[in-house]
Each structure stands twice: as C-alpha cells, then as structure tokens.
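The values are calculated or read from the model by the stated rules, or taken from the named source; none is laboratory data. Remember, it's a predicted structure, so these values are computed and weren't measured experimentally. Neighbour counts run over all protein chains shown; Cβ positions are idealised from the backbone, glycine included. We work out accessible area using only protein heavy atoms, side chains counted, and drop any ligands, DNA or RNA first. Shrake-Rupley method; radii C 1.70, N 1.55, O 1.52, S 1.80 Å.
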Amino acid sequence: MSTALADDSLAQAGQLRLTWLRFKRHKLAFVSLFIVALFYLVAIFADGLAINDPHATDAKRSYIPPQGIHLFDEDGFNPHVSGLTGKRDMKTFKLAYVPDPARKLKVVLFAHGYSYNLFGLIPTDIHLIGLETPQPVDGIFLLGTDQLGRDLFSRMMVATRISLSIGLVSVGLSLVLGILLGGMSGLYGGWIDTAIQRVIEVIRSIPTIPLWMGIAAALPNTWSVTQVYFAITLIISFIGWTELARVVRGRFLALREEDFVIAAEMLGASQLRIMLRHMLPSFTSHVIAAVSLALPAMIISETSLSFLGLGLRPPAISWGILLQDAQNVQVLAGAPWLLCAAIPVVLVILAFNFLGDGLRDAADPYG
Amino acid sequence: MLMYILRRLLLASITCVAISVLTFVIIRLPPGDFIDAYIANLASTGSSITADQAEAMRHDYGLDRPVIVQYFLWIARVVQGDFGVSMMWRRPVTEVIGDRLWLTMLVSFSALFLTWTIALPIGIYSAVKQYSVGDYIATMVGFLGLAIPNFLLALILMYFGFRYLGLSVGGLFSAEYAQEAWSWAKAWDLAKHVPLPACVLALAGTAQLIRIMRANLLDELRKPYVVTAKAKGIGNLRVILKYPVRAALNPFASSIAYVFPYLVSGSIIVSLVLGLPTVGPLLLQSLVAQDMYLAGTIVLLLGIMTVVGTLISDLLLMWIEPRLRLTGRL
Amino acid sequence: MADRPLLSVRELAVEFRADTGTVRALDSVSLDLRPGRVLGVVGESGCGKSVTARAILRILDRNGAIVAGKILLDPGTTAEVDLTALNPESQAMRGVRGARVGLIFQEPMSALSMQYTVGNQLIEAIRAHNDPGKSVARQRAIELLRDAGIPRPETRVDAYPFQLSGGLRQRVGIALALAGDPDILIADEPTTALDVTTQAQILTLLRRLQRDKHIALMLITHDMGVIAQMADDMAVMYLGRVVEYAPVREVFHSPRHPYTRALLRSVPDLRATPRQRLATIGGAVPQPNARPSGCPFHPRCPEVILGRCDVAPPAPVPPGEAGASCFLLEDAV
C-alpha cells in the first residue's frame, strides 16, 4: 500500500526532509521555486542574454518602440528585424529614426556582440541572440529603447543582477543581525530580551522610507557604484533585520519549552550541543521561510530608493533605476514600454511571496 | 491598567527620543554642511562668498558648536515649537511645511481606514470559506497587492488615467483651489481627490491585513469555545461573528501598529509620483539640498505622528480587550 | 436496562478527509442513552470518543462526515428523528443543540470565550431557545450558576472567565450545558484538566444534577475510576469501534474483551504488593491512517488468533445489547 509506505518513510524523515515533502505539495510555491531559480539564472547569464550593450547610448535610436523578431518572410524561415532609417519630420524638421521593413537584418543564435566577462572571469562576446553582422545604429530592441537610445531588454537583463543580489546580500546581513540579536533575546531572556525587544519596537514604529531617504541622501556623491551598493545594502538590512529577529526569538522561546529540549538539558547536554543538535535543525525551515518572505521587501526597498534617485546611481543598472526613467507621465505617454521594467519586479516579488508562504506552511503546518 | 498605559507612554516617549536622535544623526551624516552646499550653489550661479562670511554664517546657524550641543540646541527649540528656519527657502520651517503635514496624515489615515474596511470583511470571508473560489480570488488579489510596490501602482494608474481617460490623475486639489484659502468648496475638492491616493496606498496594507485576519480567524475557528458556542444551538454566522471574529480582532487591531508607519512611509513615495502637496516631495528636495532644519523637522514630525498613531491604536486595543483592561496583560 | 432510550446511535461511521487520504474515525458504533442513567465511554486517546460526541451534535470539523449509520432522537416514539438526516445548519438541528443535548467540555480554559462575561455567554445560551427576555434570562443565569455550585453567583455572573479558577470555570461550563434545559448531556472528559479534589467535586455535582433532572448522561473519560464511580453502563472503544458494551458491574467483574481486561489491569490497585509493576498494554495505539487489518486490536492482543483476527474484523456488538466484538466470544457461543 502506497500510503502506508509513505507514512513509514515520513515517520523516520528528519525535520528538513519532512518540510521538503510538505513543501512539494504546495504547487504554487513549487512553481515559484522554479521562477526564482530562473531569475537567478538570468542574473548569472545576464550579459549573455542581453543583446545590445546596456550602457551604449545613441541619440539616433532614442525612444524606439519595441520591435518583434519576424521569424518568417517570403523566403520561408528567416528570422530578422527591421533596420532603422532616418526620416525628417516635416513639421518639426527633426530627424527621427523609425523601423524600415524594407531593410531586413538577419537574427542568429549565439551571435557576436559587445564584449563582457562571463562569470566575471571568462572574456567573451557571445550572446544568446543577436544580429548576424553587428551594425552601428541598428539592433534588436525587443522592449524598445529609452531616451538615450539604450536597449531596455538588455538593461533589464543586466538589472536583474543588481536587484536580486542586493536583496540577497541585504537578507544575509539582516539574517546575521536577526539570528544574533533574536537568538540572544530568546536564549538569555531577562533584561537583554527586554532591551532588544524595545529596540525592535522603536525601529518598527519609525516610518522607514523617510529614514532611508535621509540616510541615502547622506551618501557622498563621490562614492563609487560599489560603495553606494554596499551602503544601500547596509541601510536596507539595518531596518529589515527586526522581522527576522522576531521570528528567531519566537522559535527560540517556543523550542526552549519543547520536551525534547528540556529532556536534552536534563540529560546534561551542553548549551552549544542543544543549540546545534536540537534547536537549529527544527528552526532552519522557519528561518528559510522568513528569509524568502523578507527578500521581496528588500527588493522593493532597493527599487523604491533607486526610483526616488536616492538609491543606486547611474551607471549602475537596477530595476529601480530603469523605472526612474518612467517617472514622468508625459514620457510614459510617449514611451509606455518603459513600464516593462516593472514586470520582473512584480513577478519576482510574487514568486518569493508564494515560495515563502509555501515554506512557512511546510515548516509549521499547525502554526 | 494604569501600569499598562504608563508603560506604553514611556515606550512612546523613548521612541520619540530615539527618532529625534536618529533624525539628527541623519541630518549630520553628509560630509559638509548647509553652508558648503550653499557655497556650491552660489558658485554654480557665478557668485561667491569669502571664508569669513562663511564662518560668520556657520556661527549664526550654530554649525560651529560640538554636535551634541547642536542637537540639544535644536531639540530645546523644537520642544518650544520653534523648528528653525529653512535655509533653502529662507522662511520658518513651520511656514514651509504649512498644510503639508496634515495632508500627509489625512492621506495616511484615509488609507488606514480603507485598509481596515476592506480587509476585515474579506479576511473573514476568506477564513470562513477557506479554499472556496472567493478565498482563492482574495488570496490572489492579496498577493498581487503585496507584489506591486505602491509607487508602481500609482505610476500605472497615472499612465492609464492620462492615456485613456485624458485625466491628469494626481494632486490633492483642482487647479483653481490649489492657492485658495480654506473653504467648504476647497474641502470638498480635497475630499474628491483623497480616495485615489488612499486606494493606492491601501492596497499593499490591505493585502497584508487580509492575510493576517484570515490566519488569525482560521486559528480561532479551531478553538474549543467555538464548539461550545455552536453547541448552544445558535446560528453559525452569529457564532462566528460573535466569538472567533471578536477574538481575531485583537491581533488585527494591534497590526495597525506596524501598518501605520508603513502607510506613512508609502505616502512619501506615492506623493512624489502623484504630485501630492504632502511632505514627501518637500522631504526629497530638502534632503538633496541638505536643508538641515527642514528635512529634520519633516522626519521628526512624521516619526512622532506615527508613534502617536500607534499609541492610539494600542490604547484602543486595551479598550476592546477585557483581559488587558482588567489584568493589564494578555 | 430499563426505560426507552432518549437517543440511540446505530452503526455510526465517520470519516475524515486528510491529505494522505480518508481516515475512518468511527466504525459501526452503536450506543443508547437512557433517562436517569449514565453511560461511560472509555478508551485511549484517539479512539473516537470525542468524535462520537461531536457527531451526535453534528458539529464535526469541516473535513469530517458521517458516512453511515443513524443517530435516532426519541427512537420508537412518534417524534423519532434521525439526526444524520438533518442539515447541520438547519433550525431543527439547532433546536437539538443545547435544548435537547447539552455539551460539557474538557478544557474549561479554552471552552469559554475570554472576550465576554460569564453572564453574557450564559444568557445567550438561555435565550437561544424559548427566549424569556433579557431580565428573566439573567435571573435564570444566576440560578444556573447557583445550581452549579458557584458561590456568590450574583457577582460572578458579571465576571470574565479568566477571572475564575479552573474548577469554577468548569462549573460555568456545566451551567452553560444546562442552560437550554436538555434531557441529554454529553460530558467530554469533564475533569481531565482539573486537579484531583476539584475533579471529585465536579463529578459529585454532575451526578447530583443528572439524578435530580433525570438526565441521560454520556460521560466520556479515559479514567476507569471515574467510570466506576459514576456510570451505570459502559462502552469501551478502541480505534473507532465499540469493543465492549455492558453494565459497569458486569464489565468490572467479568470483562469480555481482551482489551477491556488489559485496561482494567492497568488501573493502579491499592491492594497491590509494593514494587509490583503496573500492568501496561503492549505497543501503542496505531496511527488512525495505518489501521491494522481485521480486528484493530489484534497486533496488541495477548490472545490473538493469527490467521483469523488479522483477516477480517469480528462482528460489532449487537445494538442495544451487552456484548463484545471479539472472535473469542463468537467461538464460545
């Protein structure tokens, strides 16, 4: 009997394995796991997926609408895009470049494009798709271009790297702070607990965005992209750790009362052994769930700050910076495709939320 | 009960002090001070001041004193209601902020109200009809609400309003009232403009509260007292509304404590996108210009108002929870 | 067994849907509740005692359902109703709850809402059936509290449950169950959460009220001592089945089922010689979703007949009669 068999293995499975088994039943969360994984793959291979140099500006291709790749023409399968041709607007006498269906540019897989370092190490110029022969002005603009003529699709690919990694690094920092302070709070109790709890309450009752804005605005203009990146990470995690600390403390308190922990104490196990052998395994899954619920908040934070112009600064590329270009309604009315940068934000936040929810349910089916 | 109130008040005042210190630290963080920024500004327009003049200005603004002294000088005047002079606008800070602070609070409170009125019934429905179609829809909408940052929602609404309705969505007043003195007509105009930003702000909070309410209520529905109530032979709906919903309201009510700061935060950024005459845009300008007193006052007042809002919600909770009222703890 | 039963449960089966499949919580359970008599229901935790109580009141959790059997109220009379045929939300079923069948809980702490006063919850129960009006209901609430042995009921009526001790709360629970003036009372482990002296007081109170009002009491417990003290008849349950059903005296003198014998042996005995080991039942109650085939008790049964007990379950105890569900007895006949 299959159920009996499953029960047998369930009875012997460890905490993490149990969580994983329960997690797999959450279809939405399971799918989300793949979406998140996909996003991180994009981040790793961002440059290879990008088509045009994300930093290359060219006034001639300012605000080009999204253009699709035509897979077929009269000759059969012949993937191509239209080239750009300059046309003078007879009213404003401005030279505008528009796609010209007559000029066909062949699109191939694994094309040569701008040079970059794969994994930051291997120099290459291979891109997943690209023009058979690179052109000075023309290109494949799947999602159109911005005012400076930079390809939005390529920029979005590259932005994934910063936006996702900033979330991870911030969560990492928050986690260290959260486990340290939450653990101390839950383990020692007494005045240490009270003090830490009060600090958390104070931080939580402060509206965060004005605070961030204040700190972020204080970052010197002269700082490099990397310096700003880490400063922003610090700012975000400084506020984000409270929730993680709360979860860790809660688990500590709950676990301390559990029979198996008390039993271990009675048996004379050392504090460290109790923590590592008995408590840690039973809250790893909770912490993983809390982390995946904290990540989207971190990503939103970075996006919001950069959107305001207080976070990362160009030439860094993040989703927030891309959205900054879309701040103005007049610009949006002319180039609505700029809003595409919002899609990955929403998608990844949704995925993380589903994932975190699924993990939390799996970690604690009764709580 | 008195102890509880005193503890809350004490905590609130500690928070206020912490906010004031943080505020001051933020203001002092940037290298250089307002005078540097001022000189840079003058230089860009082609004029300049001498080092002596700069020194005199520093002295006037108290910028040459130790940081701690500056903090106490600042806080001493703040307590008396004197928030100093905006160096950027060359007018008293209170005058520059004017109605903006109240408008910020108005928008935030409206959003809070909206959050509650939407989240409560949907949360109840979702829990009582767990795994029904309605529950799934509510959950989906809730997740979407969480996933769309509110400035993005504002942006999208603006775009659609502009593109398809030809409206310029945004602002809190119609053009003809913006500079007017207060009147009933202006208040009504305001009332017509508040719902949109309030909705934008409320979405994420609502999504969160629906989830909180649903989870709490699901918890409560399993409790034995629900069975006791059912065993009395009263109707199911009445049982649910009177007992578990009432019990689930407590954590729900205390969730204001962290939803409210979040809404105030959000109002800043949404105001920037929607062009609302709240403190949001002003804060950004003053931070960029390093206008110390203005930015400090805004952050400080926002923080303190949030703390007061939270305190009120705590006292409300005490009022509705008999155990807290009678024994001073939960 | 005298008197016509007020309530007869016949071959009741209840199933719960779980992630791993359906779990049969009750299987062919039959029992009778007679006026003025106490039926004790015993068994280890998870054997279906509480499920039986909830099934009778039709307040099973949402994933539970009655899949077979009948619950007959006033069987054999013209007013006979099968509760399993009623919609649990119907007016008729609501009329049964509280007014015909009262329920007393195990956990006096969590069975009362902490948000409302004792009076509020009691008055609500009184007014749920034949509403006498607010002030009369309040008077009646005070009387009920006094009947339940609560001192100073006039002030206690306005107290919140968290202001009362565990014993007092359980008395409130009893008053609550009696508020609709039911003739059947189900007490689900009413004394388990209380300390020993309070237990005795509550049991005495229950016994007195049951005798005075000629109530049919179903007393669910896992304590053989409570059964011996309180019950007239008893049903021994194991894994959702009634394995033995008989008057208490018969069971204690000549238990029929090996499980009953094991249960009785595991009761501490004052006359035991010092350091004599307390008998235990080998093994543990199997998980409900891993029910043994055949007789559910066979893996733990000292008298198991392999090739017989593990193949098919023995016939259930015939409804309305004393007996046991065991092949040993079938063979003896």
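Just a few scattered comments:
- Within segment A:123-146, tally of residues that are touching an Asp or Glu at 6+ places or on another chain (Cβ under 7 Å) and not in a strand (DSSP E or B): 4
- Verdict on C:S110 being more than 18 Å from the chain's Cα centre (by Cα), of a type in the set (S, T, N, Q) and surrounded by 14 or more Cβ atoms within 10 Å (Cβ to Cβ): yes
- Among (1) over 24 Å from C:V9 (Cα atoms); (2) outside any helix (DSSP H, G or I); (3) of a type in the set (D, E, K, R), the one test that C:R261 misses: (2)
- Members of segment C:37-53 found to be surrounded by 21 or more Cβ atoms within 10 Å (Cβ to Cβ) and part of a helix (DSSP H, G or I), listed by number: C:K49, C:V51, C:T52, C:A53
- B:T278 meets the stated requirement of being crowded, with 24+ Cβ neighbours inside 10 Å, under 24 Å from B:L153 (Cα atoms) and more than 10 Å from every other protein chain (Cβ to nearest Cβ).
- Only one entry of B:L157, B:L203, B:L153, B:L196 meets the criterion of being assigned to a helix (DSSP H, G or I), open to solvent by 10 Å² or more (accessible area, probe 1.4 Å), at the interface with chain A (Cβ under 10 Å from one of its Cβ atoms) and not charged (D, E, K, R), and that entry is B:L153.
- Scope segment C:90-116; condition assigned to a helix (DSSP H, G or I) and either within 7 Å of another protein chain (Cβ to nearest Cβ) or of a type in the set (A, V, I, L, M) (or both); matching residues: C:A92, C:M93, C:R94, C:G95, C:V96
- Among the residues of segment C:284-333, the one identified as of a type in the set (K, R) and part of a helix (DSSP H, G or I) is C:R300.
- Any hit, segment A:11-33, residues being at pLDDT 80 or above and either assigned by TED's automatic domain parsing to the domain that holds A:V348 or in contact with an Asp or Glu (Cβ under 7 Å, 6 or more places away or on another chain) (or both): yes
- Qualifying residues in segment C:194-247 (those that are surrounded by fewer than 19 Cβ atoms within 10 Å (Cβ to Cβ) and of a type in the set (A, V, I, L, M)) - the one nearest to C:L103 (Cα to Cα): C:L205
- Test: residue in segment B:92-112 that is within 14 Å of chain A (Cβ to nearest Cβ), in a loop (DSSP other than H, G, I, E, B) and over 20 Å from B:V307 (Cα atoms): no
- Complete set of residues in segment C:26-80 that are closer than 18 Å to C:L103 by Cβ and free of Cβ contacts under 8 Å to residues at least 40 places away in the same chain: C:R54, C:R58, C:I59
- Flag for A:L219 being open to solvent by less than 40 Å² (accessible area, probe 1.4 Å) and not in a helix (DSSP H, G or I): yes
- Condition check for A:G120: assigned to a strand (DSSP E or B), modelled with pLDDT under 75 and either within 27 Å of A:A341 (Cβ to Cβ) or not polar (S, T, N, Q) (or both): no
- Qualifying residue in segment C:73-89 (condition: touching a Phe, Trp or Tyr at 6+ places or on another chain (Cβ under 7 Å), open to solvent by less than 20 Å² (accessible area, probe 1.4 Å), within 14 Å of chain B (Cβ to nearest Cβ) and more than 27 Å from C:T260 (Cα to Cα)): no
- Residues of segment A:312-350 classified as touching a residue at least 60 places away in the same chain (Cβ under 8 Å) and either within 11 Å of chain B (Cβ to nearest Cβ) or within 21 Å of B:F160 (Cα to Cα) (or both), total: 16
- When we screen B:L22, B:L10 for residues that are over 30 Å from B:R323 (Cβ atoms), part of a helix (DSSP H, G or I) and at pLDDT 75 or above, the only hit is B:L22.
- One residue alone among A:G250, A:G214 is within 26 Å of B:I298 (Cβ to Cβ) and part of a helix (DSSP H, G or I), and that residue is A:G214.
- Residues that are open to solvent by 80 Å² or more (accessible area, probe 1.4 Å) and under 18 Å from A:A43 (Cα atoms), drawn from segment A:118-139: A:F119, A:L121, A:I122, A:P123
- Any hit, segment A:273-289, residues being under 26 Å from A:L175 (Cα atoms), of a type in the set (V, I, T), in the same structural domain as A:M213 (by TED's automatic domain parsing) and surrounded by fewer than 16 Cβ atoms within 10 Å (Cβ to Cβ): yes
- Filtered residues of segment B:250-268 (kept if over 16 Å from the mean Cα position of the chain (by Cα) and either more than 9 Å from every other protein chain (Cβ to nearest Cβ) or free of Cβ contacts under 8 Å to residues at least 24 places away in the same chain (or both)): B:P251, B:F252, B:A253
- Scan of segment C:5-23 for residues that are charged (D, E, K, R), touching a strand residue (DSSP E or B) at 6+ places or on another chain (Cβ under 9 Å) and surrounded by fewer than 18 Cβ atoms within 10 Å (Cβ to Cβ), ordered by number: C:E11, C:R17
- Unmet requirement for B:S271, which otherwise passes all of (1) within 11 Å of chain A (Cβ to nearest Cβ); (2) open to solvent by less than 10 Å² (accessible area, probe 1.4 Å); (3) touching a Phe, Trp or Tyr at 6+ places or on another chain (Cβ under 9 Å); (4) of a type outside the set (D, E): (3)
- Test: B:I124 is open to solvent by 60 Å² or more (accessible area, probe 1.4 Å), modelled with pLDDT of 85 or more and more than 10 Å from every other protein chain (Cβ to nearest Cβ): no
- Residue in segment B:226-244 that is nearest to B:P121 (Cα to Cα), counting only those that are within 37 Å of the chain's Cα centre (by Cα) and open to solvent by 10 Å² or more (accessible area, probe 1.4 Å): B:L241
- Checked against (1) among the aliphatic types (A, V, I, L, M); (2) within 22 Å of the chain's Cα centre (by Cα); (3) assigned to a loop (DSSP other than H, G, I, E, B), A:M156 passes all but condition (3).
- Residue, farthest from A:L173 (Cα to Cα), within segment A:222-242, restricted to residues that are at pLDDT below 80 and in a helix (DSSP H, G or I): A:V225
- Considering only residues in segment B:92-121 that are among the charged types (D, E, K, R) and touching a residue at least 12 places away in the same chain (Cβ under 8 Å), the one that is surrounded by the most Cβ atoms within 10 Å (Cβ to Cβ) turns out to be B:R100.
- Qualifying residue in segment C:174-181 (condition: open to solvent by 10 Å² or more (accessible area, probe 1.4 Å), without any contact (Cβ under 8 Å) to a residue 60 or more places away in the chain and not in a helix (DSSP H, G or I)): no
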